[in-house]
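Worksheet: the structure to be examined is printed underneath.
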Amino acid sequence: MADPATDHVNTPEEELEVEANYKPPPEKTIEQILEADKEDESLRKYKETLLGEAKAGAIVVEPQDPRKVIVKKLALCVNDRPDMELDLTGDLTQLKKQSFVIKEGVSYKIRIDFIVQREIVHGLKYVQKTYRLGVPVDKMTHMVGSYPPKSEIQSYTTPSEDAPAGVMARGSYTVNSLFTDDDKHEHLKWEWSFDIKKDWKE
């Protein structure tokens with residue numbers, strides 16, 4: 001989240017150029033990964049460690065859900081304060097009705113909790129676009145990485161960001177969030193909001 005006065009929103013042309021130059025690696029199954037270079041003992045052990053329980057067979061945490069990636073929660077994390085959390089498992093249209101209050105200038109991180117099941121997912125990305133009064137003021141893209149299926153929740157935390165500060169920065173913001181991957185699968189897309197205020201309690 002940048003200061004609106006010094007936002008760094010990419011132009012559509014810049015975004016298209018970046019996407020055009022990027023070629024995702026071919027998708028491989030767990031079996032294919034384990035078979036490749038299997039004569040290299042150290043590499044084989046490394047891959048088995050990396051894949052963990054996934055090598056034993058398909059892991060399905062929520063059988064009723066056909067998705068490979070199930071995004072569970074977004075948390076806004078500030079040192080010495082309880083995490084502010086959004087439950088992403090219910091009616092996403094209701095998220096706009098609740099708003100985080102963030103003290104201006106504070107340093108924060110965003111944590112995404114998710115489940116990977118059935119197959120490895122390659123090149124997960126978290127994309128966040130922030131708007132104020134309908135005008136884009138910031139965009140950030142975080143490369144989350146590739147993840148094997150696991151029976152427990154996995155997490156990704158963004159680097160620290162500083163909330164905007166000053167009288168002009170205070171007010172309400174809307175955020176469009178997207179959890180996607182190299183193959184442009186939209187695992188989850190949601191909208192939420194926050195208010196920048198002079199202090200935590202007003």
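Derivation of every value follows stated rules applied to the coordinates shown; laboratory data play no part. Not measured: the values here are computed from a predicted model. Glycine also receives a Cβ, built like all others from the backbone with ideal geometry; neighbour counts cover every protein chain displayed.
Worth pointing out:
- In order along region 59-68, the Karplus-derived 3J(HN,Hα) couplings, from 6.51 cos²θ - 1.76 cosθ + 1.60 at θ = phi - 60°, round to 9, 10, 7, 10, x, 6, 9, x, 6, 7 Hz, and Gly and Pro are given as x.
- Each of Val127, Pro164, Thr180 was scored by the projection of its Cα onto the charge dipole of region 87-202, and the greatest displacement toward the positive side belongs to Pro164; charges sit on the C-beta of Lys, Arg, Asp and Glu.
- Full-extension gain in nm, Ser146 to Arg111, via 0.36 nm per residue minus C-alpha separation: 11.0 nm
- Lys197/Leu92 FRET efficiency (R0 22 Å; Cβ-Cβ; nearest 0.05): 0.30
- Under 5 Å, built H, 5+ apart or other chain: amide partners of Val137: Thr130, Tyr131, Arg132
- Distance histogram for region 57-202 (every C-alpha pair counted, 10 angstrom bins, percent rounded to whole numbers): 11, 40, 33, 13, 3, 0
- Using a cutoff of 8 angstrom between alpha carbon atoms and counting only pairs six or more residues apart, the relative contact order for region 90-194 works out to 38 percent.
- Footprinting exposure proxy ranking of Glu191, Glu119, fewest other C-beta atoms within 10 angstrom first, gives Glu191, Glu119.
- Residue by residue, region 163-174 carries 3J(HN,Hα) couplings of 5, x, 9, x, 4, 5, 7, 5, x, 9, 10, 10 Hz when phi is fed to the Karplus relation 6.51 cos²θ - 1.76 cosθ + 1.60 (θ = phi - 60°); x denotes Gly or Pro.
- Sites Glu161 and Asp65, calculated FRET efficiency, Cβ-Cβ separation with R0 25 Å, nearest 0.05: 0.20
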